[in-house]
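Colleague: Have a look at this one.
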Amino acid sequence: MTLIKSISGIRGTIGGNPGENLTPVDILKFATAYASLVKANKVNERAKVVIGRDARLSGPMVQSIFQNTLLGSGIDVIDLGLSTTPTVEFATVNEGADGGVIITASHNPGEWNALKLLDKNGEFLNATVGEQLLKLSESTDVSFASIQELGNITVVNDYIDRHIEKILSLPLIDAERIKSQGFHVVIDAVNSTGGIAIPKLLDRLGVSYKAMYCEPTGNFPHNPEPLEKHLGDLMLSVQEEKAHFGITVDPDVDRLALVDENGKMFGEEYTLVACADYVLSKTPGNTVSNLSSTRALKEVTLRYHQEYEAAAVGEVNVVQKMKSTHAIIGGEGNGGIIYPENHYGRDALVGIALFLMLLTERQQTVSALRASYPVYFMAKEKIELSISINPDQILKKLGEKYSDEQCTSIDGLKIDFEESWVHMRKSNTEPIIRIYTEARTEALAQDLAQQFIEEIKATS
């Protein structure tokens with residue numbers, strides 16, 4: 001059982017012992033800490049926070065504790081109920097709220113849940129504020145509201161519809177053009193809130209669909225991380241339906257993965273590449289992804305004579321880099337699309353709309369589109385270290401060894417070679433180094449990962 005505190009929120013397994021899992025005691029602690037932060041930085045006369053959750057079974061319990069703690073702290077709550085992470089991000093900004101909370105463990109299995117905490121901009125808390133939150137969560141110096149100052153709940157049930165309206169209003173989205181194409185797709189929404197949002201979006205875009213696992217029961221039919229090994233049903237159904245492509249998302253709908261008309265994975269790394277291709281074809285500008293994302297995005301960006309920058313891993317880091325470089329689109333290689341014209345957050349719904357526009361423009365099959373992009377393959381490995389070994393020293397030594405290559409040390413160590421790269425990051429929660437590689441073939445990517453596993457062993 002696990003409780004993990006990171007820049008992406010507080011996540012853990014439900015049940016067990018406080019401090020070791022995400023228990024009611026832990027939820028209360030972090031809710032109290034978040035309430036203190038919100039009140040200290042509020043822009044409204046009375047602080048208000050937007051809350052939504054995915055469909056996982058523990059969601060109502062977690063939301064109830066967190067929400068009522070905010071009320072007891074004198075904070076008004078806008079309750080979206082079942083929602084998506086990007087919808088809560090959009091709503092936080094749209095409501096002029098002082099913060100937002102999404103109750104979701106993203107791609108983690110059903111026994112997990114988490115608190116994704118947003119600031120008034122609908123963006124994840126940065127590292128500095130995150131540290132403040134952790135300190136406050138351990139403090140006993142807490143004062144709650146009097147009876148006259150208790151917060152109030154406003155239930156709003158139509159924010160997914162409002163979010164979709166915002167997407168349809170974007171200048172690069174032409175619903176009528178998409179409708180004219182007669183697209184047919186298959187959806188796997190892993191029985192979470194994508195099963196509410198994606199059909200609503202496709203209905204507005206005139207796209208017919210077969211819905212698989214679209215009942216928001218929280219009973220995930222398979223591991224909810226949208227990887228090929230979990231998506232056999234979707235890949236088969238696309239072929240049987242003779243669909244144009246397949247769509248799948250994680251439980252909170254911030255990651256988008258696609259399946260081509262032949263039932264083969266488009267590649268979650270290439271979701272962002274394709275969406276950026278469309279946006280860049282219409283609006284010149286820069287792009288950003290994290291250090292562990294495919295090089296293909298950089299190459300496509302250069303095709304349009306624009307600039308690409310890499311950020312440290314983590315949505316908050318990508319957003320910061322996008323703002324500083326005035327990027328027009330960015331995200332992470334796990335299928336996360338950040339389109340600032342929409343909002344600064346990963347959003348599978350806007351990704352679907354952009355991808356449909358690209359197909360409408362190109363008049364290509366999904367497999368042909370994929371073949372038009374630079375071909376890269378990735379490998380992801382990890383190596384366990386003894387407690388006595390300092391991973392920072394290992395990465396420093398490897399950086400010195402490969403100083404003649406292009407090295408980046410803003411997040412672990414990334415070494416760029418002419419036809420490949422390796423990115424090594426230490427874990428913040430366990431004694432391991434994660435190793436990501438990319439090369440022109442699957443075998444070369446795996447060989448490169450094994451090479452650096454051996455180098456880490458030799459260095460330690």
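Here is a yes/no grid of residues against (1) among the aliphatic types (A, V, I, L, M); (2) touching a Phe, Trp or Tyr at 6+ places or on another chain (Cβ under 9 Å):
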{"position": "Ile389", "(1), (2)": "yes, no"}
{"position": "Lys401", "(1), (2)": "no, no"}
{"position": "Val422", "(1), (2)": "yes, yes"}
{"position": "Arg434", "(1), (2)": "no, no"}
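Colleague: Moving on to the next point. Pairs needed: first member in segment 244-263, more than 14 Å from Leu369 (Cβ to Cβ); second member anywhere, of a type in the set (S, T, N, Q) and modelled with pLDDT under 95; C-beta distance under 6 Å; at least 6 residues apart or different chains.
Modeller: Asp250/Ser106; Asp252/Ser106; Arg255/Asn334
Colleague: Right, another one. If the Cβ limit is 9 Å and pairs must be 6+ apart or interchain, which residue in segment 428-446 that is without any contact (Cβ under 8 Å) to a residue 40 or more places away in the chain and within 17 Å of Leu413 (Cα to Cα) pairs with which residue that is crowded, with 22+ Cβ neighbours inside 10 Å and aliphatic (A, V, I, L, M)?
Modeller: none
Colleague: Taking Ser208 and the conditions (1) crowded, with 21+ Cβ neighbours inside 10 Å; (2) more than 17 Å from Ser106 (Cα to Cα), which numbered condition does it fall short on, given that it satisfies the others?
Modeller: (1)
Colleague: Which of the residues that make up segment 168-210 are free of Cβ contacts under 8 Å to residues at least 60 places away in the same chain, assigned to a helix (DSSP H, G or I) and in contact with a Leu (Cβ under 7 Å, 6 or more places away or on another chain)?
Modeller: If the condition is that a residue be free of Cβ contacts under 8 Å to residues at least 60 places away in the same chain, assigned to a helix (DSSP H, G or I) and in contact with a Leu (Cβ under 7 Å, 6 or more places away or on another chain), then Ala175, Lys179, Arg204 are the ones that fit.
Colleague: Within segment 339-423, considering only helices (runs of 4 or more DSSP H) that don't extend past its boundaries, which have at least 2 residues that are at pLDDT below 95, out of contact with any helix residue (DSSP H, G or I) (no Cβ under 7 Å at 6 or more places or on another chain) and not assigned by TED's automatic domain parsing to the domain that holds Glu89? Write out each step before concluding.
Modeller: On the way: elements: 348-362, 366-371, 391-401.
In segment 339-423, 391-401 are the helices (runs of 4 or more DSSP H) which contain 2 or more residues that are at pLDDT below 95, out of contact with any helix residue (DSSP H, G or I) (no Cβ under 7 Å at 6 or more places or on another chain) and not assigned by TED's automatic domain parsing to the domain that holds Glu89.
Colleague: Scan segment 424-460 residue by residue and report those that are of a type in the set (Val, Ile, Thr) and either closer than 30 Å to Glu131 by Cβ or not in a strand (DSSP E or B) (or both).
Modeller: Within segment 424-460, Thr429, Ile432, Ile433, Ile435, Thr441, Ile453, Ile456, Thr459 qualify.
Colleague: Same structure again: If I ask for residues that are surrounded by 24 or more Cβ atoms within 10 Å (Cβ to Cβ) and among the hydrophobic types (A, V, I, L, M, F, W, C), which ones from segment 95-113 would you list?
Modeller: Once the filter is applied, which keeps residues that are surrounded by 24 or more Cβ atoms within 10 Å (Cβ to Cβ) and among the hydrophobic types (A, V, I, L, M, F, W, C), segment 95-113 yields Ala97, Val101, Ile102, Ile103, Ala105.
Colleague: Next question. Condition first: touching a residue at least 60 places away in the same chain (Cβ under 8 Å) and either surrounded by fewer than 18 Cβ atoms within 10 Å (Cβ to Cβ) or of a type in the set (Val, Ile, Thr) (or both). Now tell me which residues in segment 21-41 satisfy that.
Modeller: Residues satisfying the conditions are Ile27, Thr32, Val38, Asn41.
Colleague: Follow-up. Are any residues in segment 437-460 modelled with pLDDT under 95 and among the hydroxyl-bearing types (Ser, Thr, Tyr), and if so, which ones?
Modeller: Thr459, Ser460
Colleague: If we keep just the residues of segment 60-84 that are of a type in the set (A, V, I, L, M) and either in contact (Cβ under 8 Å) with a residue 60 or more places away in the chain or out of contact with any helix residue (DSSP H, G or I) (no Cβ under 8 Å at 6 or more places or on another chain) (or both), which is surrounded by the most Cβ atoms within 10 Å (Cβ to Cβ)?
Modeller: In the first step, residues of segment 60-84 are kept if they are of a type in the set (A, V, I, L, M); the result is 61-62, 65, 70-71, 75, 77-78, 80, 82.
Remaining after also requiring either in contact (Cβ under 8 Å) with a residue 60 or more places away in the chain or out of contact with any helix residue (DSSP H, G or I) (no Cβ under 8 Å at 6 or more places or on another chain) (or both): 70-71, 75, 77-78, 80, 82.
On the way: Leu70: 26, Leu71: 18, Ile75: 28, Val77: 23, Ile78: 21, Leu80: 25, Leu82: 20.
So, considering only residues that are of a type in the set (A, V, I, L, M) and either in contact (Cβ under 8 Å) with a residue 60 or more places away in the chain or out of contact with any helix residue (DSSP H, G or I) (no Cβ under 8 Å at 6 or more places or on another chain) (or both), the one surrounded by the most Cβ atoms within 10 Å (Cβ to Cβ) is Ile75.
Colleague: Determine, yes or no, whether Met1 is over 15 Å from Phe124 (Cα atoms), aliphatic (A, V, I, L, M) and at pLDDT below 95. Walk me through how you get there before you give the answer.
Modeller: Working: over 15 Å from Phe124 (Cα atoms): yes; aliphatic (A, V, I, L, M): yes; at pLDDT below 95: yes.
For Met1, the condition - over 15 Å from Phe124 (Cα atoms), aliphatic (A, V, I, L, M) and at pLDDT below 95 - is met.
Colleague: Checking the condition surrounded by fewer than 21 Cβ atoms within 10 Å (Cβ to Cβ) and assigned to a helix (DSSP H, G or I), which residue from Thr87, Thr92, Thr128 passes? Lay out the reasoning, then the answer.
Modeller: Numbers: Thr87 fails: surrounded by fewer than 21 Cβ atoms within 10 Å (Cβ to Cβ); Thr92 fails: surrounded by fewer than 21 Cβ atoms within 10 Å (Cβ to Cβ).
Only one candidate qualifies: Thr128.
Colleague: If Ile160 satisfies every condition in (1) aliphatic (A, V, I, L, M); (2) closer than 29 Å to Asn44 by Cβ; (3) touching a strand residue (DSSP E or B) at 6+ places or on another chain (Cβ under 7 Å) but one, which is the exception?
Modeller: (3)
Colleague: Read through the list (1) in contact (Cβ under 8 Å) with a residue 60 or more places away in the chain; (2) within 20 Å of Gly336 (Cβ to Cβ); (3) of a type outside the set (Val, Ile, Thr); (4) not assigned by TED's automatic domain parsing to the domain that holds Pro109, then give the number of the only condition that Leu227 fails.
Modeller: With (1) in contact (Cβ under 8 Å) with a residue 60 or more places away in the chain; (2) within 20 Å of Gly336 (Cβ to Cβ); (3) of a type outside the set (Val, Ile, Thr); (4) not assigned by TED's automatic domain parsing to the domain that holds Pro109 applied to Leu227, the lone miss is (1).
The values are calculated or read from the model by the stated rules, or taken from the named source; none is laboratory data. What you are looking at is a predicted structure, and each value in this text was computed from that prediction instead of being measured. Heads up, the Cβs are rebuilt from the backbone with ideal geometry, glycines too, and the neighbour counts pull from every protein chain shown.
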